[in-house]
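The values are calculated or read from the model by the stated rules, or taken from the named source; none is laboratory data. Worth saying up front: this structure is predicted, and the values here are computed from it rather than measured. All Cβ positions, glycine included, derive from the backbone under ideal geometry; neighbour counts span all protein chains shown. Remember, those area values only see protein heavy atoms, side chains included, never the ligands or the DNA or RNA. Shrake-Rupley method; radii C 1.70, N 1.55, O 1.52, S 1.80 Å.
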Amino acid sequence: MTTCDDVRPLLPDHLLGSLPDEEDDEVRGHLRGCAGCRHELAQLDEGLGVFGSTLAREAPAELRGRVREVLEEEWAERGTSRRRRSDRPPWAMAIAAAIAIAASAAFGVVQLGHARTAQANADRYESVLSVLGGEGFRGGQLRALGDVPAEGSVLAYRSSHDQSFVLVFVRAPGLDGLGTMVVTRVDGTTWVPGQIAFDGDGDAAAWWVTPRDVGSIDRLTVRAPDGSALASARIRDV
Amino acid sequence: MRSFAGCDPAAADELYRRFAGRVYGLGLVMLGGDAAAQDLVQDTFVKLWRNAERYDRSRGKLETWVLLMARSLAIDAIRRRVLDARTLERADHPPDVDRAPGPDERAVTADLAERARRAIATLPPEQRAALELAYLGGKTSTEISDLEGIPIGTAKTRIRAALLRLRELMSEEVERDDV
């Protein structure tokens, strides 16, 4: 399914969240590259807002206090750690980022090395990354796009202070040389965070710190040294 | 939303002011009772806070996100019990609890709601029915197609046409006011 004629009838169901996952993925993929359909989706969104506005009724006065009490209980139980992260001063974040970078180097992620070893070490990042604070993890599995049996994973840490991380691990047996990583955002725009180096065994690992919002990353694609599309991962919240 | 995620009471109050009435009204229509509607408001705001950091403006309006979250919770509640058929006409009858007149700012919301109801009233009946089944009944296009005995493409077309028509009608209303 690639045409606007295929996608537009599905937009209301997409908006209402009632499409099957596979179909919804196809719609999202089309929307990334079609301003016309995105415009129609925005119009449908407005129409849905009109419909929703007809439902408005004055809620009982006591409901406000009840909701506020419940939220305060929620904040007391779960909100402390979230507030603590958002209250952390910027200089502490910079120091924490420096610690994480040094730890990354110590774990060998920066160096060209065996993706399998680096991937195992990724578990140890949790204690380091918890120092940074942020909004959580996102990630996805890299799946081969062509004949080369590539596999791997992407792990993104969403910081609330413009210091998000992205880690990429790839294994493509026999590949050697510099590949390229391409990030596609949910709005269809792309950017190239950099290259990824494959050693003679086909292992590669890369990472970068970015002020960009990793929450808007929809997909990461790795291109082989010859420019062909090697593998791709859909990035979702963990 | 960022402030709300950071447990800001003022942000919570603002979100309540903007959305509680609509979620409550949605609950009255879908769940058929004041108590259930109040529960829906509470559950929606808790879920809203728990997911506040996931809201992505690039994916759509906050209003849509909030109401679809409430709708999803209402559908879950419906699936947990037997639901009598409810229509939007029944929700026009006020609940049997006295309501004090709202503050002046609510007059704006009430006016918008009245305009929207007028717009909906002009929709062809089949489009309105499809939209109500999809939005209030939580039905997919396939389910609407089965319920109404129409091709699935017709069901999709009716929902789409209804939404676009509502947007167009409200835009016309705004233009008339501007004259």
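Considering A:187, A:218, the condition of being on the phi < 0 side of the Ramachandran plot and assigned to a loop (DSSP other than H, G, I, E, B) is satisfied by A:187 alone. When you check residue B:76 against the structure, is it in a helix (DSSP H, G or I), at pLDDT 75 or above and open to solvent by 70 Å² or more (accessible area, probe 1.4 Å), yes or no? Against the criterion (in a helix (DSSP H, G or I), at pLDDT 75 or above and open to solvent by 70 Å² or more (accessible area, probe 1.4 Å)), residue B:76 does not qualify. For the residues B:155, B:121, B:129, the requirement of being within 20 Å of residue A:40 (Cα to Cα) and outside the structural domain of residue B:25 (by TED's automatic domain parsing) singles out B:155. Go through the range A:153-190 and count every residue that is in contact with a helix residue (DSSP H, G or I) (Cβ under 9 Å, 6 or more places away or on another chain), under 15 Å from residue A:203 (Cβ atoms) and open to solvent by 10 Å² or more (accessible area, probe 1.4 Å). Adding up the residues that qualify gives 2. Taken over the range B:7-30, residues that are modelled with pLDDT under 90 and either touching an Asp or Glu at 6+ places or on another chain (Cβ under 8 Å) or open to solvent by 30 Å² or more (accessible area, probe 1.4 Å) (or both) amount to 3. Just one of (1) over 25 Å from residue A:226 (Cβ atoms); (2) open to solvent by 10 Å² or more (accessible area, probe 1.4 Å); (3) modelled with pLDDT under 80 fails for residue A:210. It is (2). One residue stands out among those in the range A:170-205 that are small (Gly, Ala, Ser) and touching a residue at least 60 places away in the same chain (Cβ under 8 Å): the one that is nearest to residue B:51 (Cα to Cα), which is A:188.
Quick check on residue B:55: is it facing chain A (nearest Cβ under 10 Å), touching a residue at least 24 places away in the same chain (Cβ under 8 Å), of a type outside the set (A, V, I, L, M) and farther than 20 Å from residue A:68 by Cβ? Answer is yes for this residue.
Checked against (1) assigned to a helix (DSSP H, G or I); (2) modelled with pLDDT of 90 or more, residue A:52 passes all but a single condition, namely (2).
Could you tell me whether residue B:143 is acidic (Asp, Glu) and farther than 15 Å from residue A:10 by Cα? Considered against the rule, which asks whether it is acidic (Asp, Glu) and farther than 15 Å from residue A:10 by Cα, residue B:143 comes out as no. Of the residues making up the range B:6-52, those that are assigned to a helix (DSSP H, G or I) and facing chain A (nearest Cβ under 7 Å) number 16.
Just name the residue that is farthest from the chain's Cα centre (by Cα) out of those in the range A:190-215 that are in a loop (DSSP other than H, G, I, E, B) and within 14 Å of chain B (Cβ to nearest Cβ). Ranking the qualifying residues of the range A:190-215, first place goes to A:212. For the range B:32-59, a tally of residues being crowded, with 22+ Cβ neighbours inside 10 Å and of a type in the set (A, V, I, L, M) returns 4. Considering the range A:5-45, and only residues there that are in contact (Cβ under 8 Å) with a residue 24 or more places away in the chain and in a loop (DSSP other than H, G, I, E, B), the residue that is farthest from residue B:163 (Cα to Cα) turns out to be A:33. Of all residues in the range A:222-238, those being of a type outside the set (D, E, K, R), assigned to a strand (DSSP E or B) and surrounded by fewer than 19 Cβ atoms within 10 Å (Cβ to Cβ) number 1. Among the residues making up the range A:43-67, a single one is among the charged types (D, E, K, R) and more than 7 Å from every other protein chain (Cβ to nearest Cβ): A:62.
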